[in-house]
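These notes are about the structure you will find just below.
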Number of protein chains: 2
Amino acid sequence: MLEVEVKAHVPDFGEIEVKLSQIGAEKLKVEHQKDVYFNAPHKDFAQTDEALRIRKIPQNDGSEFILTYKGAKLDDSSKTRKEIEVGVENAENTAAILENLGFKPVQTVKKDRAIYLFEDYIITLDQVYDVGNFVEIEKGMGEGQDYQDILQDIFKIYRKLVIVVGFERRSYLEFLEI
Amino acid sequence: MLEVEVKAHVPDFGEIEVKLSQIGAEKLKVEHQKDVYFNAPHKDFAQTDEALRIRKIPQNDGSEFILTYKGAKLDDSSKTRKEIEVGVENAENTAAILENLGFKPVQTVKKDRAIYLFEDYIITLDQVYDVGNFVEIEKGMGEGQDYQDILQDIFKIYRKLVIVVGFERRSYLEFLEI
């Protein structure tokens, strides 16, 4: 699955939440996410622009865990990249398998994420611990499709939210490593 | 988790099933297992004696999938080794993540497995496609413990089943690669 995704750094969410309500975006849920990123034994993901992480999302009835691989970004204006996810039973054994294969945990990213749906776009408001506040707009698409139309729509939605500056291709991981 | 495990190659299961019944072993279940083994991009698991696999176990209500790492065997008489397992949501995305990290699927092992419990030992009768019939007796133990007592008990159980030859440290994978 390719993820077409654009991120913007914003000072706060006050005005943006008002605009989301005005355009009719539906607030789906709010969750806490704790992501542990790993680096590889045979290459440096910081150089290859790949990522491997285990995400923990605490729920009322136990936590959800997701293993995710992200490929290198495909263009200069967005964060479009291959993204493959699979739910896993727990984080501890998943991390132990990765570590025994030679992967090393390198960084942890914690955030509170509010997730909205607008048309078929996912809009997230991320309050990232020790990094700042970000808005992400994304949509998944099949591999091989042209994503310029989706990118244009994403920037249209940003204009509806009166966000015209602060666009950011760096990951939260890269922010934490500065 | 360390798995203390001894395997024996047998001509058939007829007599063994009778003995299992006589000693009071409890038949827990019968299942089909399809295992896809992967090799690593940065080392050759055939050399390091490690293994990485995705197991699919078809169930009535959808399949179960397990990702497993096995470390090198620790002695010359058994298959005792570190084993780490985690349930995963599906095989397709798990394999796609591994392949994007550079791991390659190298072999598939299919078998029908009958699983028995005797005291706190697991006894399995494996009919491995294109390989043959095998009995495995195993028990998990914490790391750092001495496993000689467990090994002795395992060989006692083999004697109860009148299995005294055919002990085998090679994996099904290694048999298929001959």
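The numbers here are math on the coordinates, done by the rules we state, and not lab data. Remember, predicted model here, so these are calculated numbers, not experimental data. Heads up, the Cβs are rebuilt from the backbone with ideal geometry, glycines too, and the neighbour counts pull from every protein chain shown.
Things worth noting here:
- If you sort the three axes of the alpha carbon gyration tensor as a ≥ b ≥ c, you get a/c of 1.5 or more for the protein assembly as shown and a/b above b/c, which makes it prolate.
- Charge tally around B:GLU15: other residues with Cβ under 14 Å, Lys/Arg +1 each, Asp/Glu -1 each, net +1.
- Against chain A, whose longest principal axis comes from its Cα atoms, helix A:14-23 is set at around 70 degrees.
- As a calculated quantity, the FRET efficiency between B:GLU99 and A:MET141 at R0 = 25 Å, using C-beta atoms, amounts to about 0.75.
- Among A:THR94, A:THR108, A:THR124, the ranking by other beta carbons within 10 Å of each residue's beta carbon, starting with the fewest, stands as A:THR108, A:THR124, A:THR94.
- Charge context of A:ASP75, other residues only, Cβ under 10 angstrom, K/R +1, D/E -1: +3
- Region B:24-163: C-alpha gyration tensor shape, a/c 1.5 cut-off, then a/b vs b/c: oblate
- Prolate/oblate/rounded call for region A:2-96, Cα gyration tensor, a/c under 1.5 rounded: oblate
- Residues B:SER78, A:SER77, B:SER171, sorted so that the one with the fewest Cβ neighbours within 10 Å comes first: A:SER77, B:SER171, B:SER78
- Counting, for every residue in B:86-96, the Cβ atoms of other protein chains within 10 Å of its Cβ and taking the mean gives 5.
- Among the lysines of region A:87-174, pairs at least eight places apart or on separate chains and with Cα atoms under 28 Å apart come to 6.
- Projected label distance in nm at B:ARG170 and A:LYS156, using a 7 Å step from Cα toward the beta-carbon: 6.4 nm
- The string of couplings for region B:55-68 from the Karplus curve (6.51, -1.76, 1.60, θ = phi - 60°) is 9, 10, 10, x, 10, 4, 10, x, 8, 9, 10, 9, 9, 10 Hz, one whole number per residue in order, with x for Gly and Pro.
- Between B:GLN148 and A:ASP76, the C-beta separation translates, for a Förster distance of 41 Å, into a calculated FRET efficiency of about 0.10.
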